[in-house]
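S.K.: Quick one: structure below, then a few questions.
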Amino acid sequence: MKQKIYQVDAFTDTLFKGNPAAVCILDNWIPDELMQQIAAENNLAETAFAVPKGNAYELRWFTPVVEVDLCGHATLATAFVLFNHYGAGGNTIKFESLRSGDLSVERSEDGWLTLDFPKDNFQPDYPSDEIIQALGKKPFGCYKGKTDYLYIYEEQEDIEALDPDFFRLSKLDGRGIIVSAPGVDCDFVSRFFAPQSGINEDPVTGS
């Protein structure tokens, strides 16, 4: 079996910046075990696999150790590959995902790609002492969504100073933890920790 694999740096126009994702456009689905092995070999935060289905594409995402429900930067990377290397027509690509429903990426006249993702409903949450100790500082706001936790801190410096104990964080259920705070020169800053999904810290998260 020969399979072409693209590596795309999402969220940037500068080489070696942004968040890299691998993209595989398949004719038909291959065994899950093989996709997981390919993702492990790539050793990137996510590898996306897409298969044509009518006027849309089925889409799945794998970290080096597990399949995940949704991935923003790998979806963006897949759309980029389809638009630029597979001649996808029009300005909208529709994806069907097993775990997160229908998704789409729209291309503007100047080439920008915009993701349309399902809304996540966050509920108040109360982190355990174990998680607070693993993060090193208690947040003042805590929420839980479908797969992720969102912890809010007061200042950008709080986010920059976090030095998590990834082994202890890996015991948390769900996909990962987003930590965020108001930014100094931007609206907000954030980091994303997901050791339980094989990613200690994702460079950027869009989902």
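The values are calculated or read from the model by the stated rules, or taken from the named source; none is laboratory data. These numbers were taken from a predicted model, which means no experiment stands behind them. Quick reminder, even Gly has a Cβ in these numbers, built from the backbone with ideal geometry, and neighbours come from all protein chains shown.
S.K.: Looking only at residues that are of a type in the set (Ser, Thr, Tyr) and in a strand (DSSP E or B) in the range 180-207, which one is surrounded by the fewest Cβ atoms within 10 Å (Cβ to Cβ)?
M.R.: Only one residue tops the list, namely SER190.
S.K.: Kindly list the number of the only condition in (1) of a type outside the set (S, T, N, Q); (2) under 14 Å from GLY198 (Cα atoms); (3) touching a His at 6+ places or on another chain (Cβ under 6 Å) that fails for ALA10.
M.R.: Exception for ALA10: condition (2).
S.K.: Among the listed residues LEU82, LEU70, LEU98, LEU26, identify the single one that is within 20 Å of VAL204 (Cβ to Cβ), out of contact with any His (no Cβ under 6 Å at 6 or more places or on another chain) and not assigned by TED's automatic domain parsing to the domain that holds THR147.
M.R.: Details: LEU82 fails: within 20 Å of VAL204 (Cβ to Cβ); LEU98 fails: within 20 Å of VAL204 (Cβ to Cβ); LEU26 fails: within 20 Å of VAL204 (Cβ to Cβ).
So the residue among LEU82, LEU70, LEU98, LEU26 that is within 20 Å of VAL204 (Cβ to Cβ), out of contact with any His (no Cβ under 6 Å at 6 or more places or on another chain) and not assigned by TED's automatic domain parsing to the domain that holds THR147 is LEU70.
S.K.: Additional query: If ARG175 passes every condition in (1) of a type in the set (D, E, K, R); (2) out of contact with any helix residue (DSSP H, G or I) (no Cβ under 7 Å at 6 or more places or on another chain); (3) modelled with pLDDT under 95 but one, which one does it miss?
M.R.: Exception for ARG175: condition (2).
S.K.: Can you run down the residue pairs with Cβ atoms below 9 Å, 6 or more apart or on separate chains, where the first is in the range 141-157 and basic (Lys, Arg) and the partner is surrounded by 18 or more Cβ atoms within 10 Å (Cβ to Cβ) and not in a helix (DSSP H, G or I)?
M.R.: LYS144/LEU150; LYS146/LEU70; LYS146/SER100; LYS146/ARG175
S.K.: Take the residues in the range 57-80 that are of a type in the set (Val, Ile, Thr) and under 22 Å from PRO31 (Cβ atoms); name whichever of them is surrounded by the fewest Cβ atoms within 10 Å (Cβ to Cβ).
M.R.: VAL65
S.K.: I'm trying to understand the selection: among the residues of the range 81-93, which are at pLDDT 95 or above and surrounded by fewer than 16 Cβ atoms within 10 Å (Cβ to Cβ)?
M.R.: The answer is ASN84, HIS85, TYR86, ASN91, THR92.
S.K.: So, restricting to helices (runs of 4 or more DSSP H) that lie completely within the range 109-179, which ones have at least 2 residues that are under 30 Å from THR78 (Cα atoms), assigned by TED's automatic domain parsing to the domain that holds GLY72 and not aliphatic (A, V, I, L, M)?
M.R.: Because the criterion is at least 2 residues that are under 30 Å from THR78 (Cα atoms), assigned by TED's automatic domain parsing to the domain that holds GLY72 and not aliphatic (A, V, I, L, M), no helices (runs of 4 or more DSSP H) in the range 109-179 meet it.
S.K.: Among the residues of the range 50-66, is any in the same structural domain as ASP110 (by TED's automatic domain parsing), of a type in the set (Phe, Trp, Tyr) and within 11 Å of the chain's Cα centre (by Cα)?
M.R.: Yes, some residue in the range 50-66 is in the same structural domain as ASP110 (by TED's automatic domain parsing), of a type in the set (Phe, Trp, Tyr) and within 11 Å of the chain's Cα centre (by Cα).
S.K.: Something else: Any residue in the range 95-105 that is surrounded by fewer than 18 Cβ atoms within 10 Å (Cβ to Cβ) and outside any strand (DSSP E or B)?
M.R.: yes
S.K.: Run LYS138 past the list (1) more than 20 Å from VAL204 (Cβ to Cβ); (2) surrounded by 15 or more Cβ atoms within 10 Å (Cβ to Cβ) and report the number of the one that doesn't hold.
M.R.: Unmet condition: (2).
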